[in-house]
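The values are calculated or read from the model by the stated rules, or taken from the named source; none is laboratory data. Since we're looking at a predicted model, the values are computed, not measured. Heads up, the Cβs are rebuilt from the backbone with ideal geometry, glycines too, and the neighbour counts pull from every protein chain shown.
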Amino acid sequence: MSRKYLTTLAIAAILVALPSAGFAQEANVQSGQDSQNTQATSDAGQQAGRMVPATAVLATDIDSRKMPPGSAFQAKLQDKVRLEGGPELPAGTILSGRVVNDDTQAGGTAKLALQFTEAQLKNGQAVPIKATIFNVYNVTDDDAPTANSLQWNGVTLGVDQIDVVSGVDLHSRIAGPNSGVFVSTKKEDIKLSRSIGVDLAIAPSAGGTQQTAGSN
């Protein structure tokens, strides 16, 4: 058998093998992505298992144009909530949070990311919390602020709620770093008034109960 013939066979074998190698590499990449997605869903499910539903009403007017990242806001809990593995939060408990940066890919003219960080008890203690916003609505009756509430069902891991206020959408995920991201495609700023109600999935955050400055 000539050397030229052997060389031709070797080149042909390599050319046949190349598509298979490429397919195997693509399959490995896809398998890795599927594994990551499965793990992310599992992690979100575990976080959801520690959360309980809660309803609050904003106690602060929020304006994305006037409140840069780091700005504080508050909401008032409407009903008592027993945190899983944590203390009971009485009705009227203040939930504190801050405006934060967020790199969500949701496009828009304006974006506002909020993060609830702690519940402030009347005895001066602050309970670090993890909270996800699952519903936003206008409070129309001061005597029944939860009338439009659609409390979290304990299963849903995220929402994309359209037109929560005029021209503004809500995007939130249980496993996300923030409580929710509001996106506007029609305005250059986003305003949430203190008459806005929010339904939450809430749990204690790492760190446990802390005592605020000046408390006994």
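Checking Ala203, Ala213, Ala175 one by one, the residue that is over 18 Å from Ala113 (Cβ atoms) and modelled with pLDDT under 90 is Ala213 and no other.
Given the criteria at pLDDT 85 or above and in contact with a Pro (Cβ under 8 Å, 6 or more places away or on another chain), does Asp189 qualify? No. For the stretch 68-88, name all the residues that are under 26 Å from Asp102 (Cβ atoms) and part of a strand (DSSP E or B). Correct list: Ala72, Phe73, Gln74, Ala75, Lys76, Leu77, Val81.
Out of contact with any helix residue (DSSP H, G or I) (no Cβ under 6 Å at 6 or more places or on another chain) and surrounded by fewer than 17 Cβ atoms within 10 Å (Cβ to Cβ): does that describe Glu118? Spelling it out, it is not the case that Glu118 is out of contact with any helix residue (DSSP H, G or I) (no Cβ under 6 Å at 6 or more places or on another chain) and surrounded by fewer than 17 Cβ atoms within 10 Å (Cβ to Cβ). Here Phe73 passes the criteria (1) more than 14 Å from Val198 (Cα to Cα); (2) modelled with pLDDT of 95 or more except the one numbered (1).
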